[in-house]
Amino acid sequence: MSQPGASAPARTYVGYAGVLAFVVLSGLAVSAGLWKVLTIGWVAFIAMAGAAIPGKRAAASKHAGRLVWGYGLAAGAMVTSAAVFLLPQAFGFDPKVGGFGVAAGILLGFASHTIGHRLAHLDLPFDATTAHLTAHSLTAGIIIGVVYATLPELGLVLGLAIVSHKGPAGYAAARRLASNDKSTSIILLPAAGVGITAILSGLVSLPASAQLNAAVFGFAAGIFLHIAMDFLPRCEVGGEVGEVAQLTDDAHALLDRLRVHAVVSTSLGAFAVLLAWLAVA
């Protein structure tokens, strides 16, 4: 992590406070036997915090390529995991209730993402990007904890694929902060967020109800499908990849090349989940 500026001590303390809370809760997870939730939480933390460590700033073309491959692999893995591991569970408990859960998850994900952009106009102690990442991490952690508490026999492939986007998200956020001469240590908060809420929600036992389980798994599938679709690398002018590409001399040619990379990366992300499933099936 880069050293914080003198004007941002609060942002630094918030990030380290999140890590401390995660470490304390990890001890509670060990005593409760929440090994899968604990593993997923720490993988998410390492992926996002590690990706946020600023090294030598890459050229714009290389940065755009990293975004496409990071987002593409994660999006492909998330779409496949939600479709294979969550949707069948939701429809198996109750098809109609599960379907309503999926719809609610997608629509609520869209609403929260859209309304979240208003944070950019508020005077927050940290930037809007970090606020979005933190909200996403806390929400994802809640859902992961509830899902694994409901069906603890679910494998790790689902959880690890779901948090696969934390790496590229942390990388993009850290690069944006560093380019504005801001400390990247605040990324520690969303990095720890998945584990914090996953452990807390994993300790809660829901009533044994087919309709409730259908709603939970359907909602989880809807939320994760929304996040996955949002991470699909869109190589267009105006998007995040396009903004980076515009910094190069051959922006349109670069975007044309990156479109092929986007298709390949999403396909490989989906194929990786298939291979992982075959390996443990």
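The values are calculated or read from the model by the stated rules, or taken from the named source; none is laboratory data. What you are looking at is a predicted structure, and each value in this text was computed from that prediction instead of being measured. For neighbour counting, all protein chains shown are included, and Cβ atoms are generated from backbone atoms with ideal geometry for every residue, glycine included. Quick note on the areas: whole protein, heavy atoms, side chains included, nothing else; ligands and nucleic acids left out. Shrake-Rupley method; radii C 1.70, N 1.55, O 1.52, S 1.80 Å.
Here are some notes:
- Residue list for region 238-255, filter: open to solvent by 20 Å² or more (accessible area, probe 1.4 Å) and closer than 17 Å to residue 71 by Cα: 238, 239, 240, 243
- Scanning region 132-144 for residues that are small (Gly, Ala, Ser) and within 14 Å of residue 22 (Cα to Cα) returns 137, 141.
- Condition broken by residue 275, with the remaining ones in (1) surrounded by 13 or more Cβ atoms within 10 Å (Cβ to Cβ); (2) within 17 Å of residue 160 (Cα to Cα); (3) at pLDDT 90 or above satisfied: (1)
- Check on residue 117, part of a helix (DSSP H, G or I), at pLDDT below 95 and farther than 30 Å from residue 253 by Cβ: yes
- Scanning region 141-156 for residues being at pLDDT 90 or above and closer than 18 Å to residue 87 by Cβ gives a total of 5.
- Yes/no for residue 253 being of a type in the set (A, V, I, L, M), in a loop (DSSP other than H, G, I, E, B) and farther than 30 Å from residue 19 by Cα: no
- Residues of region 224-243 satisfying the condition of being modelled with pLDDT of 80 or more and assigned to a helix (DSSP H, G or I): 224, 225, 226, 227, 228, 229, 230, 231, 241
- Residue list for region 70-100, restricted to those being more than 20 Å from the chain's Cα centre (by Cα) and in a helix (DSSP H, G or I): 88, 89, 90, 91, 92, 93, 95, 96, 97, 98, 99, 100
- Leading residue by the ranking (nearest to residue 18 (Cα to Cα)) among those in region 192-213 that are hydroxyl-bearing (Ser, Thr, Tyr), out of contact with any Ser or Thr (no Cβ under 8 Å at 6 or more places or on another chain) and open to solvent by less than 80 Å² (accessible area, probe 1.4 Å): 201
- Filter result (open to solvent by 20 Å² or more (accessible area, probe 1.4 Å) and within 14 Å of residue 215 (Cα to Cα)) within region 132-155: 146, 150, 151
- Failed criterion for residue 278 (all others in (1) assigned to a helix (DSSP H, G or I); (2) within 21 Å of the chain's Cα centre (by Cα) hold): (2)
- If you go through region 89-117 and keep only what is open to solvent by 70 Å² or more (accessible area, probe 1.4 Å) and either free of Cβ contacts under 8 Å to residues at least 60 places away in the same chain or more than 16 Å from residue 229 (Cβ to Cβ) (or both), you end up with 91, 95, 96, 100, 115, 117.
- Within region 169-191, the set of residues being of a type outside the set (A, V, I, L, M), open to solvent by 20 Å² or more (accessible area, probe 1.4 Å) and part of a helix (DSSP H, G or I) comprises 171, 175, 176, 179.
- Test: residue in region 182-193 that is farther than 24 Å from residue 138 by Cβ and of a type in the set (Ser, Thr, Tyr): no
- Region 227-253 residues that are free of Cβ contacts under 8 Å to residues at least 24 places away in the same chain, paired with ones that are in a loop (DSSP other than H, G, I, E, B) and open to solvent by 20 Å² or more (accessible area, probe 1.4 Å) (beta carbon under 6 Å, 6 or more apart): 242/236
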